Every structure is written in C-alpha cells, then in structure tokens.
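Chemist: Got a structure here, written out as structure tokens. Questions coming.
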Amino acid sequence: MRWQMGRRSTNVEDRRGMRGRGIAGLGGGAILILALFALLTGRNPVELLEQVTPTESMVGPSVSSEQFSAEEQELAEFSSVVLADTEDTWRVLFEEMGRVYQEPRLVLFTGAVQSACGFAQSAVGPFYCPPDQKVYLDLSFFEDLRARHGVSGDFAQAYVIAHEIGHHVQELLGIIDQADALRARADQAEANEISVRLELQADFFAGVWAHHAQRARQILEEGDLEEALNAASQIGDDRLQMKSQGYVVPDAFTHGTAAQRARWFLRGFKTVDISQGDTFSAPSL
C-alpha cells in the first residue's frame, strides 16, 4: 500500500503507555473512600467507580514515545494515514448524499482502555464505540493477526481500520440505532443474525472506501486487495470457532463467515454504490 506520502489525520488520540487499571489499579485508600461513600449514600460502589473520569482512576502515567519500537511508531503513523484517507473518502461520499461527514477519533492504547462503552481489554480487538464516536485500537492486534491467523500486509491492517470506520458511517446514517432497536425485540439467535448483518455492512463500507481511495489517490499495490480479502476471511466466525473449539455453531455467529466477509468487502470494492450494501434487506448473505 502506498501510504508514506499520505496526509496524517489530526483525529488521533494517543493513549499508548497509559496503564488501564480499573478498580484493581486503585490504591487501598481510594477503595476505602469509595466504600465509605457508597455506604453513606446507599449507592453501588461499582457505579461510583464508573463515574470517575479516566484520568482519575482508569489510567496511569503515560510512557514517552521514545520507549516504543520504531516498528510500532511506524504502525501508529500508518494508522493515522489510513484514518486520514477514510476522512477524505467519506467526506466526499457524504457530500454526494447531501450530508456532512463528522470525523471520528482514533484512540491508540496499550493493554486496556476506558471508553464511553465501558472499560475494555485489548483482547476484545479493535472496536467502535457509538456514544463517543471513537475507534479504539491496540496496535499489538496487528501482530496477533499475523501470529495467530496468518494475516499480514499493510493493506490487511488498513482493512481492519476501515471496517471500524464503517461502523462510524453506520452510526452517522442511523443504522446502528435501528439495529439496536431490532436486537432489543429479538431472541439471542435473531440478535446474533442482526449483528452479522451489521458487521458485513461494515465490511462492505470498507470495500467502498478502498475503491474510492484507489481511484482518487492510487494507494493500492500488487497483492493489496488479496491481503484485505485474506484478512476478512481469516477472521470469519466459522474459522475462528473451528480454531478455538473444533466445531462451528452458526446460531452463535456475530460477524459472518469467512466467505461472507470476503464477499461483502469485495462487493463494496466492485459496486462502489452505498445502496448496494443494504445487508439488512439482502435475502442471502
């Protein structure tokens, strides 16, 4: 992927090196104060903890960027360029729809992070949080992709970021709210299927971004598209379940099969038409 000359985004929030601590990281005195206050007010101490700002309870002191390897610093810069490219692409596409694209922020973190969606460990992988409109990414996820799933290549990494930005597009278009309303009335199997359709649409939007970025800025090199398709396939629910437990449970899928994820990304790349990405109306995924 030709990214080195790309614009760097100003919407990156670098929290790497901050120690996500939660209640386990609070000192004994702080815990005692919380317990006493909870006793006097009759409030749940866990709720009190969640109301404390991240700088007060959830993070420790940051680490100088000099302590990060050159490889990780390059990944951070790369992520900023990909984010900027999604901004440029979706700004134009939203203008064509008569809308204004509100740029999300990308939060880089190490180990654990506090978001408006709660406290999360890096093991959950990259995620988008609708309430604060931020994408959260521990850069070690890319090494995990390579080591555990055989996914490598810079465009595979770009696909991961573009997929999460796809969720932001869904948020701005009101799709996430609609999906949440449907899930609230559904049983578990139905709710999982709605989640699958949401995730596959984010894959489609990632493909739309890739096409427009290529057409406008010629970012793709030979083999890049295959890298993204491989990434989409390797993190399909069926492959992940087979690796972890030796069998698959389709009713438990929440992101889609390997074939579905690759197919919807490629469909976005080829059709370029946002209206063709309505996974919720598609009779077959």
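Chemist: Which residues, taken from the stretch 177-191, are within 22 Å of Pro131 (Cβ to Cβ) and either touching a helix residue (DSSP H, G or I) at 6+ places or on another chain (Cβ under 8 Å) or not polar (S, T, N, Q) (or both)?
Modeler: Asp177, Ala179, Asp180, Ala181, Leu182, Arg183, Ala184, Arg185, Ala186, Ala191
Chemist: Another one. Could you list all residues from the stretch 207-240 that are within 20 Å of the chain's Cα centre (by Cα) and free of Cβ contacts under 8 Å to residues at least 12 places away in the same chain?
Modeler: Selection gives Leu240 alone.
Chemist: When the residues of the stretch 254-272 are narrowed to those that are part of a loop (DSSP other than H, G, I, E, B) and surrounded by fewer than 18 Cβ atoms within 10 Å (Cβ to Cβ), which ends up modelled with the lowest pLDDT?
Modeler: Val272
Chemist: Do any strands (runs of 3 or more DSSP E) lying entirely in the stretch 87-156 carry at least 3 residues that are surrounded by fewer than 21 Cβ atoms within 10 Å (Cβ to Cβ), and which ones are they?
Modeler: Qualifying strands (runs of 3 or more DSSP E): 118-121.
Chemist: Run down Ser233, Ser275 and say which single residue is surrounded by 18 or more Cβ atoms within 10 Å (Cβ to Cβ), part of a helix (DSSP H, G or I) and among the hydroxyl-bearing types (Ser, Thr, Tyr).
Modeler: Ser233
Chemist: Would you check which residues across the stretch 173-195 are closer than 22 Å to Leu93 by Cα and of a type outside the set (D, E, K, R) and list them?
Modeler: Of everything in the stretch 173-195, those that are closer than 22 Å to Leu93 by Cα and of a type outside the set (D, E, K, R) turn out to be Leu173, Gly174, Ile175, Ile176, Gln178.
Chemist: Is it the case, given these coordinates, that Val124 is within 27 Å of Leu173 (Cα to Cα), modelled with pLDDT under 95 and out of contact with any helix residue (DSSP H, G or I) (no Cβ under 7 Å at 6 or more places or on another chain)?
Modeler: yes
The values are calculated or read from the model by the stated rules, or taken from the named source; none is laboratory data. Everything numeric in this text was worked out from a predicted model, so none of it was measured. FYI the Cβ positions are ideal-geometry reconstructions off the backbone, even for glycines, and counts take in every protein chain you see.
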